[in-house]
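Below is one structure; the comments refer to it alone.
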């Protein structure tokens, strides 16, 4: 039997819903299924994984499928309870005194009133008193607003949070109380084939057919962009590598450089250096070198480039 929240989410047939949502997300079948099952069961969830792993994409696909709003909030030191819950309009307070009519709802109250998903990115960057406000909303499905009253959450209201387990700068450990109220879905990097599909789609490069027959240069750029980006995640001197966004930008920059330099042949002599220039621009700001390593992002990328184009040229060559 479906719970009341499921009736309102339009999740009468989760199998059909999952299929339609999966068509909008590349290579996230298992994670999508887990997140979908959790929110359909009326639970709040924590999506744990590095940036650029489709966490927001999954949530947008679910809320669009169910026709409910998604409220995005960035977790940081400035996310106070007042910003999350809302505030009274100062000008109207001076004229009219405090009243429910001059209250400006924050994203938490809006999500509760409209039965939407409140998505807090990087939850472990939010202040402790903000966490306590969230605990009340998750536990009671309601919050008490001074001079306004008690705000009850709609049946489809969910709190969804994300956290990057590899980032320890400016973050704090989540308390056991927070963990106790959140179901956890771990989302890692996608596979090579899936990331190449994402780059082809987002960068508009490569071919839809086999072997990239109608765009050999674009197909090579896509393969190289994904390979060097994935190389940043395993390099011994890198604390955190780049997400697939780095591959997308590298591919798009490489394509524009090729046009500027008049390069159309994927095996042209100038291609390797062209690609090195593109990956330096697209990736050097996205990787975080270990503090103990006596190197720079540019040196690390040069090493990754040499591994791809000098030591293993057969891997980089098209076909």
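The values are calculated or read from the model by the stated rules, or taken from the named source; none is laboratory data. Quantities reported herein were computed from a predicted structural model and do not represent experimental measurements. As a convention, Cβ positions derive from the backbone with ideal geometry for all residues, glycine included, and neighbour counts pool all protein chains shown.
Here are some notes:
- Flag for residue 39 being assigned to a strand (DSSP E or B), surrounded by 21 or more Cβ atoms within 10 Å (Cβ to Cβ) and either modelled with pLDDT of 95 or more or in the same structural domain as residue 144 (by TED's automatic domain parsing) (or both): no
- Residue selection: residue 30 satisfies the criterion of being in the same structural domain as residue 161 (by TED's automatic domain parsing), under 30 Å from residue 226 (Cβ atoms), modelled with pLDDT of 90 or more and in a helix (DSSP H, G or I).
- Selection within region 267-292 - outside any strand (DSSP E or B) and either within 17 Å of residue 240 (Cα to Cα) or under 22 Å from the mean Cα position of the chain (by Cα) (or both): 279, 280, 281, 282, 283, 284, 285, 286, 287, 290, 291, 292
Rundown of residues vs (1) at pLDDT below 85; (2) outside the structural domain of residue 120 (by TED's automatic domain parsing); (3) in contact with a strand residue (DSSP E or B) (Cβ under 9 Å, 6 or more places away or on another chain); (4) more than 21 Å from residue 184 (Cβ to Cβ), yes/no style:
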| residue | (1), (2), (3), (4) |
| --- | --- |
| 13 | yes, no, no, yes |
| 20 | no, no, no, yes |
| 23 | no, no, no, yes |
| 26 | no, no, no, yes |
| 49 | no, no, yes, no |
| 53 | no, no, yes, no |
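- Looking across region 104-130, the residues that are in a helix (DSSP H, G or I) and closer than 16 Å to residue 45 by Cβ come down to 111, 123, 124.
- Any chance residue 280 is over 30 Å from residue 41 (Cα atoms), in contact with a helix residue (DSSP H, G or I) (Cβ under 7 Å, 6 or more places away or on another chain) and buried (at least 20 other Cβ atoms within 10 Å of the Cβ): no
Residue-by-condition table, conditions (1) modelled with pLDDT of 95 or more; (2) under 22 Å from residue 54 (Cβ atoms); (3) in a helix (DSSP H, G or I):
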| site | (1), (2), (3) |
| --- | --- |
| 195 | yes, yes, yes |
| 199 | yes, yes, yes |
| 205 | no, yes, no |
| 218 | yes, no, yes |
| 231 | yes, yes, yes |
| 251 | yes, yes, yes |
| 254 | yes, no, yes |
| 259 | yes, no, yes |
